[in-house]
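Working notes, structure below.
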Amino acid sequence: MNSEREWWLRVPAVLLSPRSVFAALRSEEREDLEARSEPVLALIGLAGVAVALGTDTAATLYDNVEYDALLVAVWAVIAGGIVAFTGYFVFGGALYLGARGLGSAGSFRRARHILAFAAAPLALSLLVLWPVQLAVFGTDLFRRYGSDDGDAGRVFDALELGFAVWAAALLLVGVRTVHGWSWWRALGALGLVALFLAAFAYLPTLL
């Protein structure tokens with residue numbers, strides 16, 4: 001129970017003191033793996049919904065007259081779950097391969113857990129930024145050419161980008177801390193991640 005509580009406390013801590021949290025991910029003892037499974041699921045799930053709501057598809061849901069607030073909420077949960085599942089395993093797999101390419105002996109599970117805690121800013125944006133946007137723009141967030149299409153909307157777009165950059169920075173810190181690498185080696189691993197993801201995205205065009 002204490003171990004589970006410690007890992008839940010590390011969820012907000014990763015935003016303020018990321019090195020200590022990522023250092024704790026080095027442990028692959030069964031107790032630690034089980035204790036952090038629920039925080040990992042929560043982080044990935046919230047981040048997935050945040051990413052789904054930021055897509056062009058979400059921005060036009062209310063153009064369909066059949067959509068109401070409840071249906072948008074259901075769509076966000078389902079689409080967010082799909083994004084979370086895909087990102088967790090595809091991006092996590094790319095992170096695992098990228099780290100292996102630079103000499104890591106870490107497991108696929110640990111790579112996915114690094115990704116999950118690095119996604120904490122995206123999860124935070126869902127809890128902090130999206131409620132404010134809903135209060136300001138209402139359902140126009142889900143309509144083409146709504147009131148969020150002006151300067152105020154661009155401010156929120158910049159804030160969303162800021163959360164994404166924050167998450168990318170945490171991922172870099174996480175890779176460096178967990179593996180004990182230099183900044184350049186950690187950047188090299190993320191470069192390989194980008195190559196793997198680009199190859200994965202290009203693969204369907206060859207089929």
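The values are calculated or read from the model by the stated rules, or taken from the named source; none is laboratory data. Everything numeric in this text was worked out from a predicted model, so none of it was measured. Backbone-built Cβ (ideal geometry, glycine too); neighbour counts: all protein chains shown. To get the accessible areas, we keep the full protein, side chains included, count just its heavy atoms, and leave off ligands, DNA and RNA. Shrake-Rupley method; radii C 1.70, N 1.55, O 1.52, S 1.80 Å.
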For this session: Grab the other residues whose beta carbon is less than 11 angstrom from that of Glu31, score K and R as +1, D and E as -1, and report the net.
Result: -4
For this session: Round to the nearest 0.05 the FRET efficiency obtained for Glu6 and Leu195 when R0 = 35 Å and r is the Cβ-Cβ distance.
Result: 0.45
For this session: At a 1.4 Å probe radius, which order do Arg144, Arg176 fall into by accessible area, largest first?
Result: Arg144, Arg176
For this session: Per DSSP H run of n ≥ 4, the term is -39500 (n - 2.57); total these for the chain, divide by its residue number, and report the mean residue ellipticity at 222 nm rounded to 500 deg cm²/dmol.
Result: -24000 deg cm²/dmol
For this session: Give the angle, between 0 and 90 degrees and rounded to the nearest 10, that separates the Cα long axis of helix 69-86 from the longest principal axis of the Cα atoms of the chain.
Result: 30 degrees
For this session: Using a 1.4 angstrom probe on heavy atoms only, work out the carbon and sulfur share of the accessible area of segment 120-174 in %.
Result: 67 percent
Seminar exercise, completed: By accessible area (1.4 Å), largest first, Ser3, Ser17 order as Ser17, Ser3
Problem set entry | With Cα atoms, 0 to 90° folded angle of helix 120-137 axis to the chain main axis | 10 degrees
For this session: Kindly write out, for segment 23-37 in residue order, the coupling ³J(HN,Hα) from the Karplus curve 6.51 cos²θ - 1.76 cosθ + 1.60 (θ = phi - 60°), rounded to whole Hz, with x marking Gly and Pro.
Result: 4, 5, 6, 5, 6, 10, 5, 4, 4, 5, 4, 5, 5, 9, 5
Seminar exercise, completed: Measure of exposure for Leu161: accessible area at 1.4 Å probe, Å² rounded to 10, is 110 Å²
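Work through the residues other than Leu61 whose Cβ is under 12 Å from its Cβ and net out their charges, Lys, Arg +1 and Asp, Glu -1.
Working: positive: Arg143, Arg144; negative: Asp56, Asp63, Glu66, Asp68, Asp140.
So the surrounding residues net to -3.
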Seminar exercise, completed: Quick tally, 1.4 Å probe accessible area for His113, His179, sorted with the most first, runs His179, His113
Problem set entry | Solvent exposure of the chain as accessible area per residue, Å², 1.4 Å probe | 55 Å²
Exercise. When the Karplus curve 6.51 cos²θ - 1.76 cosθ + 1.60 is applied with θ = phi - 60°, which whole-Hz ³J(HN,Hα) does each residue of segment 146-156 get, with x for Gly and Pro?
Worked result: x, 5, 7, 8, x, 4, 4, x, 5, 5, 5
